[in-house]
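This report concerns only the one structure given below.
Since every read-out is calculated from the coordinates, none of them should be taken as a lab result. Note that the coordinates shown come from a computational prediction; the quantities given were computed from them, not determined experimentally. All Cβ positions, glycine included, derive from the backbone under ideal geometry; neighbour counts span all protein chains shown.
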Amino acid sequence: MKDWLTVQDYLFGVQDVGDWEGDEEQVADRMNGIYHAVWDSIPADLTVEQINFLMQDIWDQLRGSDALLLADEEELTDWVLIHCRQYYEQCRDEASEQDDEPAQQFDEDEY
């Protein structure tokens, strides 16, 4: 499903990040760098909905946080990638649980 999207669908322009008291360009650049790192780590089997959720969740986690400007860029990216790996594992766990559930039998009497 990742093939249906491109990282450019998620990148920020200066006008997209909101008011950062003159640091909007730095915030947009940092978020775009983070998104590029995340994009490279996204498994091919994630659905479009899961990818959309993840990318929005990253912004939600960092939006308004001074860490976006003050943290070391490499450390911030590493934190985000750990967050993503946890999300990927959660998605795989949910998928395997669904695979383990028995298929519902069609009961003609219900209709």
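Numbers for the structure displayed
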| read-out | value |
| --- | --- |
| Furthest towards positive pole of dipole, 98, 22, 41, structure part the chain, Cβ charges | 22 |
| For a label point 7 Å along the Cα-to-beta-carbon line of residue 83, residues of the range 1-44 with backbone N under 14 Å | 30-39 |
| Pair residue 25, residue 57: separation of 7 Å Cα→Cβ label points (nm) | 3.4 nm |
| Net charge dipole size for the chain [Lys, Arg +1 and Asp, Glu -1 on Cβ; Debye, nearest 20] | 500 debye |
| Assigned charges on the beta-carbon of Lys, Arg, Asp, Glu; the range 41-98 dipole about Cα centre (debye) | 140 debye |
| Ellipticity estimate at 222 nm from DSSP helix runs (n ≥ 4, -39,500 (n - 2.57)) divided over the chain, nearest 500 | -19500 deg cm²/dmol |
| Which labelled figure in (i) 19.9; (ii) 9.6; (iii) 6.2 is mean projected area of the Cα convex hull in nm², once derived from the coordinates | (ii) |
